[in-house]
Amino acid sequence: MSSNRSQHLEDKAHRAPVLSEVLSCPVCLSIFNNPVTLHCQHNFCKSCLDQSWDQAGTQECPVCWRRSCLEPCPNFTLQNIVESYLKEQEPATVSKGMCILHRESLKLFCLDDHEALCVVCQTSRSHLNHRIWPVEELALDYREQLKKVLIPMEKKMSTFIYFKEECVKSCGYIKTQTQQTETEIKQEFQKLHKFLQDEEAARIAALREEEEQKSEIMKDNIENITREILSLSDTMKSIKLEIGVEDLSFLANIKDTVKRTQCQMQDPEGVSGALIDVAKHLGSLKYRVWEKMLGIVQYTPVTLDPNTVHPHLSLSKDLTSVTCSQKQEFPENPERFKNCVSVLGSEGFTSGRHCWEVEFYI
(Lines give C-alpha, C1' and ligand atoms only; values in the text may rest on other atoms or scores of the structure.)
Protein backbone atom coordinates (compact mmCIF):
# COMPACT_ATOMS: atom_id res chain seq x y z
CA MET A 1 0.00 0.00 0.00
CA SER A 2 2.82 2.41 0.91
CA SER A 3 4.75 1.53 -2.27
CA ASN A 4 1.71 2.40 -4.42
CA ARG A 5 1.38 5.74 -2.65
CA SER A 6 5.07 6.52 -3.22
CA GLN A 7 4.76 5.62 -6.88
CA HIS A 8 1.71 7.91 -7.17
CA LEU A 9 3.64 10.81 -5.68
CA GLU A 10 6.57 10.26 -8.00
CA ASP A 11 4.27 10.17 -11.05
CA LYS A 12 2.60 13.32 -9.84
CA ALA A 13 5.97 15.06 -9.43
CA HIS A 14 6.98 14.10 -12.99
CA ARG A 15 3.66 15.27 -14.42
CA ALA A 16 3.68 18.62 -12.60
CA PRO A 17 6.16 20.45 -14.85
CA VAL A 18 4.39 19.21 -17.98
CA LEU A 19 0.99 20.26 -16.65
CA SER A 20 2.29 23.67 -15.65
CA GLU A 21 3.54 24.20 -19.24
CA VAL A 22 0.15 23.20 -20.64
CA LEU A 23 -1.60 25.57 -18.26
CA SER A 24 0.74 28.47 -19.04
CA CYS A 25 -0.18 31.46 -21.16
CA PRO A 26 2.01 31.66 -24.32
CA VAL A 27 2.32 35.42 -23.82
CA CYS A 28 3.28 35.88 -20.14
CA LEU A 29 4.46 32.26 -19.65
CA SER A 30 2.58 32.17 -16.34
CA ILE A 31 -0.38 30.10 -15.24
CA PHE A 32 -3.57 31.26 -16.98
CA ASN A 33 -5.38 34.09 -15.24
CA ASN A 34 -8.97 34.49 -16.45
CA PRO A 35 -8.32 32.42 -19.63
CA VAL A 36 -10.11 33.18 -22.92
CA THR A 37 -10.18 31.21 -26.19
CA LEU A 38 -9.96 32.60 -29.73
CA HIS A 39 -11.64 31.18 -32.85
CA CYS A 40 -8.35 29.45 -33.67
CA GLN A 41 -8.60 27.53 -30.33
CA HIS A 42 -5.51 29.17 -28.77
CA ASN A 43 -5.82 30.18 -25.13
CA PHE A 44 -4.50 33.30 -23.45
CA CYS A 45 -4.89 35.33 -20.27
CA LYS A 46 -7.51 37.96 -20.99
CA SER A 47 -5.23 40.76 -19.79
CA CYS A 48 -2.31 39.46 -21.90
CA LEU A 49 -4.50 39.25 -25.02
CA ASP A 50 -5.87 42.77 -24.50
CA GLN A 51 -2.35 44.13 -24.02
CA SER A 52 -1.11 42.31 -27.14
CA TRP A 53 -3.94 43.63 -29.29
CA ASP A 54 -3.42 47.17 -27.98
CA GLN A 55 0.25 47.06 -28.88
CA ALA A 56 -0.33 45.47 -32.31
CA GLY A 57 -3.33 47.59 -33.20
CA THR A 58 -5.04 44.56 -34.72
CA GLN A 59 -6.97 41.60 -33.35
CA GLU A 60 -4.59 38.86 -34.40
CA CYS A 61 -3.71 35.68 -32.52
CA PRO A 62 -0.28 36.16 -30.88
CA VAL A 63 0.57 32.52 -31.76
CA CYS A 64 -0.78 31.76 -35.27
CA TRP A 65 -1.38 35.40 -36.32
CA ARG A 66 -4.84 34.61 -37.64
CA ARG A 67 -7.19 37.57 -37.52
CA SER A 68 -10.10 37.12 -35.11
CA CYS A 69 -13.42 38.68 -36.03
CA LEU A 70 -15.18 37.49 -32.93
CA GLU A 71 -14.71 38.54 -29.33
CA PRO A 72 -12.64 36.07 -27.25
CA CYS A 73 -14.78 33.57 -25.38
CA PRO A 74 -14.12 32.88 -21.65
CA ASN A 75 -12.83 29.33 -21.19
CA PHE A 76 -14.47 28.22 -17.95
CA THR A 77 -13.31 24.65 -18.28
CA LEU A 78 -9.68 25.73 -18.48
CA GLN A 79 -10.24 28.12 -15.58
CA ASN A 80 -11.53 25.24 -13.40
CA ILE A 81 -8.51 23.12 -14.33
CA VAL A 82 -6.15 25.97 -13.43
CA GLU A 83 -7.85 26.49 -10.09
CA SER A 84 -7.67 22.79 -9.27
CA TYR A 85 -4.00 22.70 -10.23
CA LEU A 86 -3.15 25.74 -8.10
CA LYS A 87 -5.02 24.33 -5.10
CA GLU A 88 -3.11 21.06 -5.50
CA GLN A 89 0.25 22.87 -5.69
CA GLU A 90 -0.41 25.51 -3.04
CA PRO A 91 0.47 23.52 0.16
CA ALA A 92 3.92 22.61 -1.13
CA THR A 93 4.51 26.17 -2.30
CA VAL A 94 3.54 27.73 0.97
CA SER A 95 5.60 25.36 3.04
CA LYS A 96 8.76 25.70 0.93
CA GLY A 97 8.29 29.30 -0.30
CA MET A 98 8.78 28.18 -3.89
CA CYS A 99 7.20 29.47 -7.11
CA ILE A 100 4.59 27.06 -8.49
CA LEU A 101 5.56 27.71 -12.11
CA HIS A 102 9.32 28.04 -12.01
CA ARG A 103 10.36 26.20 -8.84
CA GLU A 104 12.36 29.24 -7.76
CA SER A 105 12.43 30.93 -4.34
CA LEU A 106 9.87 33.68 -3.88
CA LYS A 107 12.31 36.49 -3.09
CA LEU A 108 10.37 39.34 -4.72
CA PHE A 109 6.98 40.95 -4.08
CA CYS A 110 4.78 42.81 -6.55
CA LEU A 111 3.05 45.77 -4.90
CA ASP A 112 0.63 46.26 -7.81
CA ASP A 113 -0.68 42.67 -7.86
CA HIS A 114 0.11 42.09 -4.17
CA GLU A 115 1.71 38.68 -4.73
CA ALA A 116 5.08 37.04 -4.19
CA LEU A 117 7.33 36.47 -7.26
CA CYS A 118 10.47 34.66 -8.21
CA VAL A 119 13.18 36.14 -10.45
CA VAL A 120 11.63 34.46 -13.48
CA CYS A 121 8.13 35.80 -12.74
CA GLN A 122 9.60 39.29 -12.64
CA THR A 123 10.49 39.12 -16.33
CA SER A 124 6.97 38.14 -17.43
CA ARG A 125 4.79 40.59 -19.30
CA SER A 126 2.09 40.43 -16.63
CA HIS A 127 4.39 42.27 -14.21
CA LEU A 128 5.87 44.69 -16.73
CA ASN A 129 6.35 48.20 -15.25
CA HIS A 130 5.08 46.99 -11.87
CA ARG A 131 6.53 48.05 -8.51
CA ILE A 132 8.63 45.04 -7.45
CA TRP A 133 10.68 44.94 -4.25
CA PRO A 134 12.83 42.33 -2.50
CA VAL A 135 10.77 40.46 0.07
CA GLU A 136 13.20 40.99 2.96
CA GLU A 137 13.62 44.70 2.27
CA LEU A 138 9.88 45.28 1.81
CA ALA A 139 9.00 43.26 4.91
CA LEU A 140 11.54 45.21 6.96
CA ASP A 141 10.15 48.49 5.67
CA TYR A 142 6.57 47.51 6.50
CA ARG A 143 7.61 46.27 9.94
CA GLU A 144 9.21 49.64 10.67
CA GLN A 145 6.07 51.42 9.46
CA LEU A 146 3.86 49.27 11.67
CA LYS A 147 6.13 49.88 14.68
CA LYS A 148 5.72 53.62 14.14
CA VAL A 149 1.96 53.20 13.84
CA LEU A 150 1.92 51.22 17.10
CA ILE A 151 3.42 54.13 19.09
CA PRO A 152 0.32 56.42 18.92
CA MET A 153 -1.90 53.36 19.29
CA GLU A 154 -0.09 52.42 22.51
CA LYS A 155 -0.53 56.00 23.76
CA LYS A 156 -4.20 55.80 22.86
CA MET A 157 -4.45 52.49 24.71
CA SER A 158 -2.83 54.05 27.79
CA THR A 159 -5.34 56.89 27.61
CA PHE A 160 -8.27 54.47 27.41
CA ILE A 161 -6.91 52.40 30.32
CA TYR A 162 -6.46 55.57 32.39
CA PHE A 163 -10.01 56.74 31.71
CA LYS A 164 -11.36 53.26 32.45
CA GLU A 165 -9.61 53.34 35.84
CA GLU A 166 -11.07 56.80 36.48
CA CYS A 167 -14.54 55.49 35.60
CA VAL A 168 -14.06 52.62 38.06
CA LYS A 169 -12.99 55.13 40.73
CA SER A 170 -16.01 57.28 39.90
CA CYS A 171 -18.31 54.28 40.40
CA GLY A 172 -16.91 53.77 43.89
CA TYR A 173 -17.07 57.49 44.63
CA ILE A 174 -20.68 57.65 43.45
CA LYS A 175 -21.55 54.92 45.95
CA THR A 176 -19.73 56.82 48.71
CA GLN A 177 -21.49 60.06 47.72
CA THR A 178 -24.86 58.29 47.83
CA GLN A 179 -24.24 56.85 51.29
CA GLN A 180 -22.99 60.16 52.71
CA THR A 181 -25.81 62.16 51.14
CA GLU A 182 -28.40 59.64 52.34
CA THR A 183 -27.00 59.94 55.89
CA GLU A 184 -27.20 63.75 55.72
CA ILE A 185 -30.77 63.62 54.39
CA LYS A 186 -31.82 61.27 57.20
CA GLN A 187 -30.20 63.50 59.82
CA GLU A 188 -31.92 66.60 58.46
CA PHE A 189 -35.29 64.87 58.38
CA GLN A 190 -34.70 63.53 61.90
CA LYS A 191 -34.33 67.15 63.01
CA LEU A 192 -37.54 68.05 61.20
CA HIS A 193 -39.31 65.01 62.64
CA LYS A 194 -38.17 65.94 66.14
CA PHE A 195 -39.34 69.51 65.68
CA LEU A 196 -42.74 68.33 64.43
CA GLN A 197 -43.02 65.76 67.22
CA ASP A 198 -42.14 68.39 69.85
CA GLU A 199 -44.57 70.86 68.27
CA GLU A 200 -47.28 68.20 68.18
CA ALA A 201 -46.67 67.32 71.82
CA ALA A 202 -46.74 71.02 72.83
CA ARG A 203 -50.02 71.69 71.04
CA ILE A 204 -51.65 68.56 72.44
CA ALA A 205 -50.45 69.59 75.91
CA ALA A 206 -52.04 73.04 75.41
CA LEU A 207 -55.26 71.32 74.35
CA ARG A 208 -55.22 69.09 77.43
CA GLU A 209 -54.54 72.08 79.69
CA GLU A 210 -57.51 73.97 78.26
CA GLU A 211 -59.60 70.84 78.63
CA GLU A 212 -58.65 70.59 82.31
CA GLN A 213 -59.42 74.28 82.94
CA LYS A 214 -62.78 74.20 81.16
CA SER A 215 -63.74 70.91 82.81
CA GLU A 216 -62.93 72.34 86.29
CA ILE A 217 -65.14 75.38 85.62
CA MET A 218 -68.00 73.17 84.52
CA LYS A 219 -67.59 70.94 87.58
CA ASP A 220 -67.82 73.97 89.91
CA ASN A 221 -70.90 75.16 88.06
CA ILE A 222 -72.49 71.72 88.33
CA GLU A 223 -71.86 71.63 92.10
CA ASN A 224 -73.47 75.07 92.57
CA ILE A 225 -76.53 74.09 90.57
CA THR A 226 -76.76 70.82 92.51
CA ARG A 227 -76.85 72.72 95.83
CA GLU A 228 -79.59 75.01 94.50
CA ILE A 229 -81.58 71.97 93.41
CA LEU A 230 -81.29 70.35 96.84
CA SER A 231 -82.32 73.58 98.61
CA LEU A 232 -85.32 74.01 96.35
CA SER A 233 -86.26 70.38 96.78
CA ASP A 234 -86.27 70.70 100.61
CA THR A 235 -88.48 73.82 100.43
CA MET A 236 -90.95 72.05 98.15
CA LYS A 237 -91.13 69.06 100.49
CA SER A 238 -91.76 71.29 103.52
CA ILE A 239 -94.55 73.20 101.73
CA LYS A 240 -96.17 69.94 100.66
CA LEU A 241 -96.16 68.73 104.26
CA GLU A 242 -97.79 71.97 105.50
CA ILE A 243 -100.49 71.63 102.89
CA GLY A 244 -101.39 68.22 104.31
CA VAL A 245 -101.89 69.18 108.00
CA GLU A 246 -105.31 70.03 109.59
CA ASP A 247 -106.69 73.57 109.09
CA LEU A 248 -105.90 75.21 112.46
CA SER A 249 -102.27 74.07 112.40
CA PHE A 250 -102.02 74.99 108.67
CA LEU A 251 -103.32 78.51 109.33
CA ALA A 252 -101.17 78.91 112.43
CA ASN A 253 -98.01 78.37 110.29
CA ILE A 254 -99.28 79.98 107.09
CA LYS A 255 -97.20 83.10 107.61
CA ASP A 256 -93.90 81.13 107.66
CA THR A 257 -95.05 78.91 104.86
CA VAL A 258 -95.88 81.84 102.60
CA LYS A 259 -92.57 83.43 103.48
CA ARG A 260 -90.69 80.32 102.36
CA THR A 261 -92.50 80.42 99.04
CA GLN A 262 -91.45 84.01 98.53
CA CYS A 263 -87.73 83.11 98.57
CA GLN A 264 -86.91 83.69 94.93
CA MET A 265 -83.95 81.81 93.42
CA GLN A 266 -82.13 83.15 90.36
CA ASP A 267 -82.20 81.00 87.25
CA PRO A 268 -78.85 79.38 86.40
CA GLU A 269 -76.87 80.98 83.59
CA GLY A 270 -74.79 79.25 80.92
CA VAL A 271 -71.04 79.64 81.21
CA SER A 272 -69.60 81.70 78.36
CA GLY A 273 -66.52 80.23 76.71
CA ALA A 274 -66.98 76.93 78.41
CA LEU A 275 -66.18 74.83 75.30
CA ILE A 276 -62.79 74.06 73.82
CA ASP A 277 -61.53 76.77 71.47
CA VAL A 278 -61.11 74.39 68.52
CA ALA A 279 -60.47 77.20 66.08
CA LYS A 280 -57.51 78.34 68.16
CA HIS A 281 -55.93 74.90 67.99
CA LEU A 282 -56.71 73.98 64.37
CA GLY A 283 -56.92 77.33 62.62
CA SER A 284 -54.12 77.54 59.98
CA LEU A 285 -52.28 74.87 61.94
CA LYS A 286 -49.91 73.86 59.15
CA TYR A 287 -49.10 77.46 58.28
CA ARG A 288 -48.40 78.44 61.89
CA VAL A 289 -46.20 75.36 62.37
CA TRP A 290 -44.37 76.13 59.09
CA GLU A 291 -43.98 79.77 60.19
CA LYS A 292 -42.47 78.63 63.45
CA MET A 293 -40.27 76.15 61.57
CA LEU A 294 -38.65 79.06 59.71
CA GLY A 295 -36.92 79.91 62.97
CA ILE A 296 -34.95 76.65 62.98
CA VAL A 297 -34.22 76.20 59.25
CA GLN A 298 -31.53 78.01 57.31
CA TYR A 299 -31.70 79.12 53.69
CA THR A 300 -28.53 79.86 51.79
CA PRO A 301 -28.84 81.49 48.34
CA VAL A 302 -25.53 79.97 47.25
CA THR A 303 -24.81 76.28 47.83
CA LEU A 304 -21.31 75.12 46.89
CA ASP A 305 -21.02 72.32 44.34
CA PRO A 306 -18.81 69.46 45.70
CA ASN A 307 -18.31 68.13 42.16
CA THR A 308 -16.26 71.23 41.27
CA VAL A 309 -14.18 71.66 44.43
CA HIS A 310 -10.38 71.57 44.10
CA PRO A 311 -8.72 68.62 45.92
CA HIS A 312 -7.03 71.04 48.35
CA LEU A 313 -10.37 72.47 49.51
CA SER A 314 -12.85 70.97 51.96
CA LEU A 315 -16.57 71.79 52.13
CA SER A 316 -18.79 71.79 55.20
CA LYS A 317 -21.58 69.22 55.48
CA ASP A 318 -24.23 71.82 54.64
CA LEU A 319 -22.16 72.94 51.60
CA THR A 320 -22.13 76.58 52.73
CA SER A 321 -18.47 77.07 53.69
CA VAL A 322 -15.07 76.03 52.35
CA THR A 323 -11.67 75.69 54.00
CA CYS A 324 -8.16 74.74 52.87
CA SER A 325 -7.19 71.14 53.58
CA GLN A 326 -4.77 68.38 52.70
CA LYS A 327 -5.14 66.94 49.21
CA GLN A 328 -8.20 64.72 48.96
CA GLU A 329 -8.88 61.86 46.57
CA PHE A 330 -11.55 63.00 44.13
CA PRO A 331 -12.47 61.63 40.69
CA GLU A 332 -11.01 63.74 37.89
CA ASN A 333 -14.37 64.64 36.41
CA PRO A 334 -14.46 67.42 33.77
CA GLU A 335 -16.25 69.88 36.09
CA ARG A 336 -13.63 69.76 38.84
CA PHE A 337 -10.99 72.51 39.20
CA LYS A 338 -7.48 71.12 38.75
CA ASN A 339 -5.14 74.11 38.46
CA CYS A 340 -7.15 76.90 40.09
CA VAL A 341 -7.91 76.33 43.81
CA SER A 342 -11.60 77.20 43.53
CA VAL A 343 -15.14 75.89 43.82
CA LEU A 344 -18.35 76.86 42.04
CA GLY A 345 -21.82 77.41 43.38
CA SER A 346 -24.42 74.83 42.41
CA GLU A 347 -26.68 77.56 40.98
CA GLY A 348 -25.67 80.18 38.46
CA PHE A 349 -27.06 83.66 37.83
CA THR A 350 -27.63 85.10 34.39
CA SER A 351 -29.47 88.31 35.29
CA GLY A 352 -30.61 90.50 38.18
CA ARG A 353 -28.75 91.80 41.22
CA HIS A 354 -27.55 89.39 43.88
CA CYS A 355 -25.58 89.84 47.06
CA TRP A 356 -24.50 87.77 50.04
CA GLU A 357 -22.09 88.01 52.92
CA VAL A 358 -18.79 86.17 52.84
CA GLU A 359 -16.70 85.69 55.98
CA PHE A 360 -12.98 84.99 55.76
CA TYR A 361 -11.13 83.21 58.53
CA ILE A 362 -7.34 83.41 58.49
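The values are calculated or read from the model by the stated rules, or taken from the named source; none is laboratory data. None of these values were measured; they are calculated from a predicted model. Glycine gets a Cβ as well: all are built from the backbone with ideal geometry, and neighbour counts include every protein chain shown. To get the accessible areas, we keep the full protein, side chains included, count just its heavy atoms, and leave off ligands, DNA and RNA. Shrake-Rupley method; radii C 1.70, N 1.55, O 1.52, S 1.80 Å.
Mind counting the residues in segment 78-98 that are at pLDDT 75 or above, open to solvent by 40 Å² or more (accessible area, probe 1.4 Å) and hydroxyl-bearing (Ser, Thr, Tyr)?
1
Output the number of residues of segment 283-311 satisfying the condition of being outside any loop (DSSP other than H, G, I, E, B) and within 21 Å of His354 (Cβ to Cβ).
1
Is it true that Phe189 is surrounded by 13 or more Cβ atoms within 10 Å (Cβ to Cβ) and either farther than 28 Å from Gln266 by Cβ or in contact with a helix residue (DSSP H, G or I) (Cβ under 7 Å, 6 or more places away or on another chain) (or both)?
When the stated conditions are applied, Phe189 does not pass them.
Does segment 162-175 contain any residue that is of a type in the set (D, E, K, R), in contact (Cβ under 8 Å) with a residue 12 or more places away in the chain, in a helix (DSSP H, G or I) and under 20 Å from Arg336 (Cβ atoms)?
Yes, segment 162-175 has at least one match.
Keeping to segment 285-316, report how many residues are over 23 Å from Gln190 (Cα atoms) and surrounded by fewer than 10 Cβ atoms within 10 Å (Cβ to Cβ).
Residues in segment 285-316 being over 23 Å from Gln190 (Cα atoms) and surrounded by fewer than 10 Cβ atoms within 10 Å (Cβ to Cβ): 0 in total.
Test Ser314 against the criterion of being more than 30 Å from Thr226 (Cβ to Cβ) and in a strand (DSSP E or B), and give yes or no.
When the stated conditions are applied, Ser314 passes them.
Across segment 280-305, what is the number of residues that are of a type outside the set (A, V, I, L, M, F, W, C) and touching a residue at least 60 places away in the same chain (Cβ under 8 Å)?
So the answer is 2.
Could you list all residues from segment 233-255 that are touching a helix residue (DSSP H, G or I) at 6+ places or on another chain (Cβ under 9 Å) and surrounded by fewer than 11 Cβ atoms within 10 Å (Cβ to Cβ)?
Once the filter is applied, which keeps residues that are touching a helix residue (DSSP H, G or I) at 6+ places or on another chain (Cβ under 9 Å) and surrounded by fewer than 11 Cβ atoms within 10 Å (Cβ to Cβ), segment 233-255 yields Ile243, Gly244, Ser249.
Filter segment 272-282 for residues that are in a loop (DSSP other than H, G, I, E, B), surrounded by 10 or more Cβ atoms within 10 Å (Cβ to Cβ) and not aliphatic (A, V, I, L, M) and give the result.
Residue satisfying the conditions is Asp277 alone.
Would you list the strands (runs of 3 or more DSSP E) that sit entirely within segment 105-146 and hold 2 or more residues that are in contact with a His (Cβ under 8 Å, 6 or more places away or on another chain)?
Because the criterion is at least 2 residues that are in contact with a His (Cβ under 8 Å, 6 or more places away or on another chain), no strands (runs of 3 or more DSSP E) in segment 105-146 meet it.
Working only within segment 21-64, note down all residues that are open to solvent by less than 40 Å² (accessible area, probe 1.4 Å) and within 14 Å of Leu128 (Cβ to Cβ).
If the condition is that a residue be open to solvent by less than 40 Å² (accessible area, probe 1.4 Å) and within 14 Å of Leu128 (Cβ to Cβ), then Cys25, Val27, Cys28, Ser30, Cys45, Cys48, Ser52 are the ones that fit.
Does any residue of segment 138-153 turn out to be in contact with a strand residue (DSSP E or B) (Cβ under 9 Å, 6 or more places away or on another chain) and of a type in the set (A, V, I, L, M, F, W, C)?
yes
Specify the residue that is farthest from Ser24 (Cα to Cα); the eligible residues are those in segment 119-137 that are under 58 Å from the mean Cα position of the chain (by Cα), open to solvent by less than 100 Å² (accessible area, probe 1.4 Å) and modelled with pLDDT of 80 or more.
This residue is Glu137.
What pairs can you find where one residue is in segment 222-238 and farther than 16 Å from Val271 by Cα, the other is open to solvent by less than 100 Å² (accessible area, probe 1.4 Å) and of a type in the set (Asp, Glu), and their Cβ atoms are less than 8 Å apart, with a gap of 6+ or different chains?
Pairs found: none.
Considering Ala252, Ala274, which residue is closer than 30 Å to Arg203 by Cβ and of a type in the set (A, V, I, L, M)?
Within the list Ala252, Ala274, the selection yields Ala274.
If you go through segment 257-271 one residue at a time, do you hit one that is free of Cβ contacts under 8 Å to residues at least 12 places away in the same chain, under 24 Å from Lys194 (Cβ atoms) and surrounded by 10 or more Cβ atoms within 10 Å (Cβ to Cβ)?
Scanning segment 257-271 turns up no residue that is free of Cβ contacts under 8 Å to residues at least 12 places away in the same chain, under 24 Å from Lys194 (Cβ atoms) and surrounded by 10 or more Cβ atoms within 10 Å (Cβ to Cβ).
Name the one entry in Tyr162, Tyr173 that is surrounded by 10 or more Cβ atoms within 10 Å (Cβ to Cβ) and touching a Pro at 6+ places or on another chain (Cβ under 6 Å).
Tyr173
Do you know which residues across segment 99-112 are open to solvent by 70 Å² or more (accessible area, probe 1.4 Å) and either within 24 Å of Ser52 (Cβ to Cβ) or of a type in the set (Asp, Glu) (or both)?
Glu104, Asp112
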